[in-house]
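Just below is one structure, and these are the notes that go with it.
What follows is calculated from the coordinates using simple rules that are stated; it is not laboratory data. Note that the structure is a prediction, hence the values are computed from the model and not measured. Cβ: placed from backbone, ideal geometry, glycine included. Neighbour counts: every protein chain shown.
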Amino acid sequence: METSFAAQPSTLEGVRDWWRWMRDNDPVNWDGRYGAWHVFRYADVVPVLAEPLIFSSDLSELVPPQPEVELFNRGNFARMDPPRHDKLRRLVSRAFTPRVVADLAPRITAVTQELLDAVAGEPEFDLVTALAYPLPVTVIAELLGVPTSDRALFRTWADALLTQPLPDRMVPDEESMRLRAAPLGDMIDYLLAHIRARRAAPRDDLTSQLIAAEVDGERLVDDEIVGFVGLLLIAGHITTTTLLTNTALSLDEHPDAARDLRADRSLVPSALEEVLRDRAPFPRLARVAMHDAAVGTRTIPAGQILNLWIGSANHDEREFRDAGTFDIRRHPNPHLTFGHGIHFCLGAPLARLEAAIAVPILLDRCTDLVVADGAELFDARVMAGARRLPMAAVWS
């Protein structure tokens, strides 16, 4: 089998076949064509994620500088290491405590009902446009205090950032970086204007809280806050969007599971966890070795990049019994879709809650729901999910 990442097919089935072969034959693989290591087994991925001081999340020194990217990453704690990461993450985590998230349930329910009211009775609708995108982006926009009426604009930015062509090399050249950075410019300008407006006239929203917060006795400047807000706006909706579309795709592929879920709604939480395991929205995480370090039986030289294949680890037969089976009753289910260690996804509780509310409502309102022709899926090497998902529905 061709082992280079860039040579793999863009379909989920094709990527899974590659993962399976690599787990069995070359679980820690140097990809000279792509310029990075690939790590495929669960037992090798977890220790790397657990050691942020050995395997750094900050890849900024390896890529050509771009002003927009550098500005965005000033407050992007997902690309930071301790101790700065820990201090900044604590600020944002206040908005995602269990109580704050739980208190959002009535609003999530209301938004879900309103969105489905708009397409009720239609024999076919696009799940992304009707529900999977506007639900989470409305919730996160309201938390941040940005106008929900601009959600079409937010989707334009997200699509531009998430649908760029796969580069030939892990470390992009200057032209590739320029193309990657281009979609950030308009978003940064928009968010900076929002932050400055809140600094002039604070309100009861997360943006105003970040402006008022202190780290080591110092207030954050606008250039730091913009990375926070941008990360939350994009990452704060895409996981739920893909979870909802992937749930629809999974239930369509596994009608027995759909039938069981309709008969017993207590299975919704475990079903969602199985969707997360089976179709991790973002199948890989990148780290850079700070010094020579062992991963599995290989030694990773300092300065080299690792692609940690979360999607592959979630299908590792050494960790998950019947890993190739979609089992909505799977327990335990220690998937790595939301990460592991200090960078565990801050928005995981919100994504789980949004899906746990929306899926039963969708099943209640549609007695039959199947994927129709015309679905448009992302490149599965980059993201598992649908940018367009037509559904044929019979409404109750």
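Amide hydrogen proximity for ASP126: with H placed 1.01 Å from N in the peptide plane, the residues at 5 or more positions away or on another chain lying under 5 Å are MET391.
Computed from phi, the 3J(HN,Hα) profile of the range 6-18 under the Karplus parametrisation 6.51, -1.76, 1.60 (θ = phi - 60°) reads 5, 8, 7, x, 8, 7, 4, 4, x, 5, 5, 4, 4 Hz, with x in place of Gly and Pro. Could you let me know the centre-to-centre spacing of the range 18-89 and the range 330-396, using Cα atoms, in angstrom? For the range 18-89 versus the range 330-396, the Cα centre distance is 25 Å. At an R0 of 35 angstrom, the distance between the Cβ atoms of GLU376 and ALA50 translates into a FRET efficiency of 0.45. Build a GNM of the chain with springs between Cα atoms under 10 Å apart, and of LEU308, LEU243, LEU12 the one that fluctuates most is LEU12. For the chain, the extents of the C-alpha atoms along the principal axes are 59, 58, 37 Å, listed from largest to smallest. FRET efficiency for the pair ASP17 and MET290, taken as 1/(1 + (r/R0)^6) with r the Cβ-Cβ distance and R0 = 41 Å, rounds to 0.80. A simple rule links phi to the HN-Hα coupling: the Karplus curve 6.51 cos²θ - 1.76 cosθ + 1.60 with θ = phi - 60°, which for the range 283-292 gives x, 9, 10, 9, 9, 10, 6, 7, 7, 3 Hz, with x for Gly and Pro. Sequence-ordered 3J(HN,Hα) estimates for the range 332-337 from the Karplus curve with 6.51, -1.76 and 1.60 and θ = phi - 60° stand at x, 9, x, 5, 10, 4 Hz, glycine and proline given as x.
A DSSP coil position with no more than 10 other Cβ atoms inside 10 Å describes the following GluC sites (Glu not before Pro) in the range 1-62: GLU2. Diagonalising the gyration tensor over the Cα atoms of the range 344-396 and scaling each eigenvalue by 5 before taking the square root yields semi-axes of 23, 20, 5 Å, largest first. In this structure the amide hydrogen of VAL295, modeled in the peptide plane, comes within under 5 Å of the amide hydrogens of ILE300, none closer than 5 places in sequence on its chain. Its Cα gyration tensor gives the range 317-380 an equivalent ellipsoid; the semi-axes, largest first and in whole Å, are 25, 18, 15.
Out of the range 23-70, which trypsin sites (Lys or Arg not before Pro) are coil in DSSP terms and have no more than 15 other C-beta atoms within 10 Å? For trypsin sites (Lys or Arg not before Pro) across the range 23-70 that sit outside H, G, I, E and B with at most 15 neighbouring Cβ atoms in 10 Å, the list reads ARG33. Size check on the range 1-139: the Cα extents along the three principal axes, sorted descending, read 52, 43, 34 Å.
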